[in-house]
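Peer 1: Take this structure first; my questions come after.
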Amino acid sequence: MKAHLTYGLCMSLCCTLVITFPPLTAQPLSSVLSSAEKGLFESEDVLHITLKGNIRDVLNSRAGTPKSFPLSLSYSKQDSSKMIVPVMVKTRGHFRRMKENCEYPPLLIEFGKKDAKPTGIFKEQSKLKLVMPCREEKYIIREWLVYKIYNLVTPKSFRARPVMVTLEDDGKKKPLSPFYGILLEEEKQMAKRNKDIIVERKLVPQQTEAESFLSMAVFEYLIGNTDWSVNYLHNIKLLAPDSLGIATAVPYDFDHAGIVNAPYAHPAEDLEMKSVLERRYRGYCIKDLKEFEAVIAQYNHLKKDIYNIYTGCDLLEERYVKSTIAYLDEFYKTINNTKAWQREFSFPCHSKTADVTIKGLKGD
């Protein structure tokens, strides 16, 4: 991959970082626009969107209760006409919302109701999370691909769409340089797609649906992510057929995963880990290790497709692809060595750090 197209990633209204990515015109623009009309999450092509309005105040709303600001969201339709949608936008999250951690805060985009309901590609949406680049936009692409991995594992997963975002502030003559972001499927839509509902109740992992929990916990191990917990619903949503049904744990927010390897990502101190690149199985203790055999078979079945996510993505640096393939090789070497995977997955049964619960921060 020899990329020569340079985008100026303006990490704040007063600071510019230049980063190189492959050209977005690798596919014909008509193809991108045509796929845009299919439905927001029915295509993986990069969608170009523009947010216009009081951008400065939106980005500076980092402390206290987030304030919503009226903006316009626009994109080009298949016939090249521009679709403009009125939206309310506010910052969200906690870690990535703090200025000392990230240059851009994540945003929540809320669409109008009744007479102001959105049309076009956003016609089914009520609100969407927009993940913005924290340090460099290359980590955004890496995080998007993690969502794609879990989409292979189960439909009970969040769909994600890569976008190229342009911010136009009313008080500035020129828009900020465009950058990559991710639009995430809204949780209620994800639940509805799976004929479930979102439930919020205090559970321990052992109370969730066992087979899907094991698959999810091994997925978190695969990507090198320890930044989650069912107990505190930290980077986890619960799906169930009804308010009293057995819940399925659905993960999201993967920027602290080793496979993303963001510069700000560090494992919790109580876990006594050196780096996010170190894998740690964070499920609960299971004495009968045969219960893992079906999960291991599942990931072996998905191996080729998982590797293809990285070898087939033109938005990645060649160096990162090579290091990620090596990282995946380590995972597959482990799960195909009986002694190795039994040692790794029995970790919660014998370690003093196995009971450490990641509480997280409210609003993440």
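The values are calculated or read from the model by the stated rules, or taken from the named source; none is laboratory data. Predicted, not measured: the structure shown is a model, and the values here were computed from it. Backbone-built Cβ (ideal geometry, glycine too); neighbour counts: all protein chains shown. Ligands, DNA and RNA are excluded from the accessible area calculation, which covers all protein heavy atoms including side chains. Shrake-Rupley method; radii C 1.70, N 1.55, O 1.52, S 1.80 Å.
Peer 1: What percent does the relative contact order of segment 186-266 come to when contacts are Cα pairs within less than 8 Å and at least six residues apart?
Peer 2: With pairs under 8 Å counted, the relative contact order is 31 percent.
Peer 1: So if we plug the beta-carbon distance of Leu289 and Met98 into 1/(1 + (r/R0)^6) with R0 = 30 Å, what FRET efficiency do we get, rounded to 0.05?
Peer 2: Calculated value: 0.15.
Peer 1: How long are the semi-axes of the equivalent ellipsoid of segment 109-188, defined as square roots of 5 times the Cα gyration tensor eigenvalues? Whole Å, largest first.
Peer 2: 24, 21, 8
Peer 1: Still on this structure, I have one more. At 0.36 nm per residue, and after removing the present C-alpha to C-alpha distance, how many nm does the segment from Lys359 to Glu211 gain when stretched out fully?
Peer 2: Residue separation times 0.36 nm, minus the Cα-Cα distance, leaves 50.9 nm.
Peer 1: What does the C-alpha gyration tensor say about the overall shape of segment 315-364? Classify as rounded when a/c is under 1.5, otherwise prolate if a/b is larger than b/c, or oblate.
Peer 2: oblate
Peer 1: Can you send over the solvent-accessible area of Met98, 1.4 Å probe, protein chains only, in Å² to the nearest 10?
Peer 2: 50
Peer 1: For the ranges 139-151, 228-240, 198-210, what's the packing order if you count other beta-carbon atoms within 10 Å of each residue, average per peptide, and put the highest first?
Peer 2: Those peptides, ordered most packed to least, come out 139-151, 228-240, 198-210.
Peer 1: Could I ask something else about it? Let me understand segment 63-160 better: what is its radius of gyration from the alpha carbons, and its Dmax, in angstrom?
Peer 2: 15.4, 43
Peer 1: PRE reach from Tyr332 (point 7 Å along Cα→Cβ): which of segment 302-326 fall under 20 Å by backbone N?
Peer 2: 302-314, 316-326, by backbone N distance to the label point.
Peer 1: Sequence gap at least 6, Cα distance under 8 Å: using those rules, report the relative contact order of the chain to the nearest whole percent.
Peer 2: Once divided by the residue count of the chain, the mean separation gives 15 percent.
Peer 1: Report the Cα centroid-to-centroid distance between segment 49-113 and segment 274-319 in angstrom, as an integer.
Peer 2: 33
Peer 1: Roughly how tilted is helix 318-335, in degrees to the nearest 10 and between 0 and 90, from the longest Cα axis of the chain?
Peer 2: With both axes taken from Cα atoms, the answer is about 30 degrees.
Peer 1: A further question on this structure: Would you mind computing, in nm to one decimal, how far apart the modelled labels at Asn54 and Glu42 are, each placed 7 Å from Cα along Cα→Cβ?
Peer 2: Label at Asn54, label at Glu42, 3.7 nm between them.
Peer 1: Given axes a ≥ b ≥ c from the Cα gyration tensor, I'd like to know whether segment 217-364 is rounded (a/c under 1.5), prolate (a/b larger than b/c) or oblate.
Peer 2: Verdict is rounded for segment 217-364.
Peer 1: Need one value: the accessible area of Asp270 in square angstrom, 1.4 angstrom probe, rounded to the nearest 10.
Peer 2: Asp270 has an accessible surface of roughly 100 Å² with all protein chains in place.
Peer 1: Normalised by the residues of segment 206-364, what does the relative contact order come to in percent, with Cα pairs under 8 Å and at least six apart?
Peer 2: The normalised contact order for segment 206-364 reaches 28 percent.
Peer 1: Another question, then. Using a Förster distance of 30 Å, how high is the FRET efficiency between Arg343 and Arg319, based on the Cβ-Cβ distance and rounded to 0.05?
Peer 2: 0.45
Peer 1: From largest to smallest, what semi-axes in whole angstrom does the chain give when each is the square root of 5 times an eigenvalue of its alpha carbon gyration tensor?
Peer 2: 34, 23, 20
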